[in-house]
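All remarks here apply to the structure that follows.
The values are calculated or read from the model by the stated rules, or taken from the named source; none is laboratory data. Bear in mind that the values here come from a model prediction, so they are computed numbers and not experimental data. Neighbour counts are summed over all protein chains in view; Cβ atoms, including those assigned to glycine, are modelled from backbone coordinates with ideal geometry.
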Amino acid sequence: MSTLWLARHARPLIDSGICYGRLNVAADAALTAAAAQDLVKALAANTAKNFSSPTACTVVLRHSPLQRCEQLAHALIEQQSRLVFHPHADTRLQEMDFGAWEGVAWHDISRAHVDAWAADLPHYAPGGSESLASMLQRVQAALQHSWLVDSQQGTRDVVWATHAGVIRCVQWLLQHGNALPSSAAWTLPAPGFGQWLALPWAAAAPRLSHLNP
């Protein structure tokens, strides 16, 4: 069964408690290499179990152009395995843009601004930049493209090297379609640093057909 692998970058080299969204910070190199090694093992096991043709060795690899995800993409390619990765940098896989909040400690951001965001989660643009509704639109476009082009409608595995926010958006789209979330409903889990979700394309495909273009 072909699969969409949603892989989160390894731990970034930035102090905890900082809002870093689109900041182009690096990830821990050793943890990135370990994450890539584990993911390649899982990918190889999946393709060996589900495919017998040579095309099973081809994996489309989309990654956020931010450094911490590029590191993971490069580490995957460098692994010695039977898999052949076809990498593509994709701006749609970037984390939310927090605008003026970026690089600021969360506890230093005005409580009134955080409350305003919670009151209108889909449409409020934190830091004056990107709203969740806008982010969902770009992730939806990337998801539909990956289904039709990258996976060739579910016949190839696809890896996204991306961010927690993007992975939450994919889960929301597949569970709720074009509905917009409230703060109370936005409770979707994300993998830990260097971890991933594996979503069978067969389960995602029917839900993708119900998303508005």
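For the reader, a short list of remarks on this structure follows.
- The helices (runs of 4 or more DSSP H) located wholly in the stretch 127-213 include none with 3 or more residues which are of a type in the set (Phe, Trp, Tyr) and either farther than 26 Å from Arg22 by Cβ or out of contact with any Gly (no Cβ under 9 Å at 6 or more places or on another chain) (or both).
- Applying the condition of being hydrophobic (A, V, I, L, M, F, W, C) and not in a helix (DSSP H, G or I) to the stretch 98-123 and asking which residue is surrounded by the fewest Cβ atoms within 10 Å (Cβ to Cβ) yields Ala105.
- Pair list, Cβ < 7 Å and 6+ apart or interchain, from the stretch 85-113 residues that are of a type in the set (Ser, Thr, Tyr) to residues that are modelled with pLDDT of 95 or more: Thr91/Pro65
- Considering Pro189, Pro126, Pro181, the condition of being modelled with pLDDT of 95 or more and surrounded by fewer than 20 Cβ atoms within 10 Å (Cβ to Cβ) is satisfied by Pro181 alone.
- Scan of the stretch 182-209 for residues that are in contact (Cβ under 8 Å) with a residue 24 or more places away in the chain, within 12 Å of Trp172 (Cβ to Cβ) and of a type outside the set (Ser, Thr, Tyr), ordered by number: Trp186, Ala190, Arg207
- In the stretch 74-97, residue surrounded by the fewest Cβ atoms within 10 Å (Cβ to Cβ) [restricted to those that are among the aliphatic types (A, V, I, L, M) and closer than 28 Å to Asp15 by Cβ]: Ala89
- Looking only at residues in the stretch 41-73 that are in a helix (DSSP H, G or I), modelled with pLDDT of 95 or more and aliphatic (A, V, I, L, M), the one that is surrounded by the fewest Cβ atoms within 10 Å (Cβ to Cβ) is Ala73.
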